[in-house]
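The values are calculated or read from the model by the stated rules, or taken from the named source; none is laboratory data. This is a predicted model, so every value here is computed, not measured. Every residue, glycine as well, gets a Cβ built from its backbone with ideal geometry; the counts of neighbours run over all protein chains shown.
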Amino acid sequence: MRRVLFLVPLVVFAIACSGDSDELVARDVVSDIPWSAPETARYRLLQGGDVKGSGELSIEESGSTLVFNQSFEIPDEEVTDSVSVETDPDTLRPTIVQRTIDGPEGARECEATYKARGVTIVQKAEEEERTDELDVPAQHYDSWSDLFLWRTLDFFEGHEVKYVDVLSCSLAKPDLLSVVLKIKRMEEITVPGGTFQAWRLEIRSGGRTQKAWYADDAARTLVRYDNGDLVFELESIN
C-alpha cells in the first residue's frame, strides 16, 4: 500500500520528517478558531497539471469534541482514503485518530488513541496487526489535523511558528516531528472555487518544504495546497 501514500496531504511530509534532526519545540500555536461547524470544503487533486482525483475536508462537532475529517478518492488507482481526528475544541489536542485506506490490495485500518503523555497506534491489514506506543510532550498536535490547525494561526508577513506534530496513522513507524511554518506574503490565487487574496504559508521539516494558501477572510479557507506530489485546489465550500 505504500504506492498510495502520495494521496494524502501530510503523509509525504511526515515520512520526509521522520528521524528529523531539527530540535523539537513543543508549544501551543492556536491563536483563534475561525470556522463555524459544520463545514465542508471540496477540492480537485492535481498531479503535473492533470486531475488525479478529489478530496473533501470537513469539520463537525460531536458532543464535547471537534472532529476533523479528510476523504480522498483516486479513481484510476481504485483507491479511497479517509481520516478522522477527534480533538479538544479549544486546544485542538488530538484524542482519537482513525484512518481507512481501501484499494486493490485490500483495506488497511489504523487507530491512534491519545491518553495523558502518550499515544497507542494499532494498524491492521488482512491478517496483519501491529501496535506501537509513543511518548508525547504535553504540547503536541497530530499531523492529520495540520491543514485545519494552520487556519488558526495569527497571519502576518514574516510570522514564524514552531511546534511538535505526532506522526500517527501514516503506515510508517510513529514518530515526533519538528514543524517550522512561516507566513510568507499575500498572493492572489485563482482556483475553480474563485479568485482569492490568500496568505502563502511555507511549511518545512527534514529539508522538505510544502506550501499552503489560506484566504484572507474570516473563515481562513484553505484555497490551495501543494504537498510536493499533489496540488489541492478548492472547488466549493459550505
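Would you check which residues across segment 86-100 are over 10 Å from Glu111 (Cα atoms), in contact with a Phe, Trp or Tyr (Cβ under 6 Å, 6 or more places away or on another chain) and β-branched (Val, Ile, Thr) and list them?
Scanning segment 86-100 gives a single hit, Thr95.
So, Thr195, is that one under 18 Å from the mean Cα position of the chain (by Cα), of a type in the set (S, T, N, Q), under 27 Å from Val51 (Cβ atoms) and at pLDDT 95 or above or not?
On the way: under 18 Å from the mean Cα position of the chain (by Cα): no; of a type in the set (S, T, N, Q): yes; under 27 Å from Val51 (Cβ atoms): yes; at pLDDT 95 or above: yes.
The answer is no for Thr195.
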Within segment 51-93, restricting to residues that are within 23 Å of His140 (Cβ to Cβ) and charged (D, E, K, R), the one that is surrounded by the fewest Cβ atoms within 10 Å (Cβ to Cβ) is Asp90
Here the qualifying pairs (Cβ atoms under 6 Å; residues six or more apart or on different chains; first in segment 55-66 and free of Cβ contacts under 8 Å to residues at least 60 places away in the same chain; second part of a strand (DSSP E or B)) come out as Glu56/Arg42; Glu56/Ser71; Ser58/Thr40; Ser58/Asn69; Glu60/Val67; Thr65/Glu86; Leu66/Thr87
Given (1) within 22 Å of Phe72 (Cα to Cα); (2) in contact with a Lys or Arg (Cβ under 7 Å, 6 or more places away or on another chain); (3) surrounded by fewer than 20 Cβ atoms within 10 Å (Cβ to Cβ), Arg185 misses just (1)
Selection over segment 97-141 where residues are without any contact (Cβ under 8 Å) to a residue 12 or more places away in the chain and among the hydroxyl-bearing types (Ser, Thr, Tyr) yields a count of 1
Apart from one, (1) in contact with a Phe, Trp or Tyr (Cβ under 6 Å, 6 or more places away or on another chain); (2) under 18 Å from Glu86 (Cβ atoms); (3) in a strand (DSSP E or B) all hold for Ile183; the odd one out is (2)
Over segment 97-134, the set of residues under 17 Å from Asp146 (Cα atoms) and either touching a Cys at 6+ places or on another chain (Cβ under 8 Å) or surrounded by fewer than 17 Cβ atoms within 10 Å (Cβ to Cβ) (or both) is Val97, Gln98, Arg99, Ala112
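Tell me which residues, restricted to segment 207-220, are assigned to a loop (DSSP other than H, G, I, E, B) and buried (at least 16 other Cβ atoms within 10 Å of the Cβ).
Result: Arg220, single match.
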Subset of segment 144-177, residues at pLDDT 95 or above and of a type in the set (S, T, N, Q), comes to Ser145, Thr152, Ser168
Reported set for segment 221-238 where residues are crowded, with 21+ Cβ neighbours inside 10 Å and either over 24 Å from Val51 (Cα atoms) or free of Cβ contacts under 8 Å to residues at least 60 places away in the same chain (or both) is Val223, Arg224
